[in-house]
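The values are calculated or read from the model by the stated rules, or taken from the named source; none is laboratory data. The structure displayed is predicted, hence computed values, not measured ones. No Cβ is skipped: glycine too gets one built from the backbone with ideal geometry, and neighbour counts run over all protein chains shown.
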């Protein structure tokens, strides 16, 4: 696989309607679970992208972030859209296993890293792809780029990123294709939403 594959179109997946998206809102903790990052990372992104919030009814009060206020290219919104679409995708043969929390969060972290790399290539169309990719990984390994993902995933080789990108495309950009398979948990059980927690799971199903 070559680096130019990173610019190939991604197979379209079902996406929530505008009305559905407008009704969706998530707490900081729910977003952190969905994306596999820290609560602090969510709060910092919310401030940087000027998300709007509303009072959270019940469940301890507080506030929740409105998905409709997130930029269209926000990594948080992309992750929510992907998780929501995955929640409504019919179970396919060979996809009968419930994804444990730890494996699900790793899959989401890998998904985000692969998408951030794609965006880096798109943002630098005049540069050699090899230079963009090397610069991206150098900044990532130095902790200057996406430190919360490096804390979870550790160092990642370019070959590994190519493999993850290929797996995503072959799976229709379904992040579950990147869930960690260690422990052979994927050999049985009913398909679930990654066990991200009952509150977050119910929110996803209602979107």
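Does residue 132 satisfy the criteria of being modelled with pLDDT of 50 or more, buried (at least 18 other Cβ atoms within 10 Å of the Cβ) and outside any helix (DSSP H, G or I)?
Criteria not met by residue 132.
Test of understanding: among 79, 114, 109, which residue is within 17 Å of residue 178 (Cα to Cα), touching a helix residue (DSSP H, G or I) at 6+ places or on another chain (Cβ under 6 Å) and modelled with pLDDT under 80?
When all the criteria are applied, what remains is 79.
Cβ-Cβ under 6 Å, sequence separation 6+ or interchain: first residue in segment 98-124 and without any contact (Cβ under 8 Å) to a residue 40 or more places away in the chain, partner in a helix (DSSP H, G or I). Which pairs?
If the second residue must be in a helix (DSSP H, G or I), the pairs left are 120/132; 120/136; 124/132.
Filter segment 146-160 down to residues that are touching a residue at least 24 places away in the same chain (Cβ under 8 Å) and within 22 Å of residue 45 (Cβ to Cβ), then give me how many there are.
So the count comes out to 6.
For the subset of segment 4-32 comprising residues that are surrounded by 15 or more Cβ atoms within 10 Å (Cβ to Cβ) and closer than 24 Å to residue 163 by Cα, which member is modelled with the lowest pLDDT?
Of everything passing the filter in segment 4-32, 13 is modelled with the lowest pLDDT.
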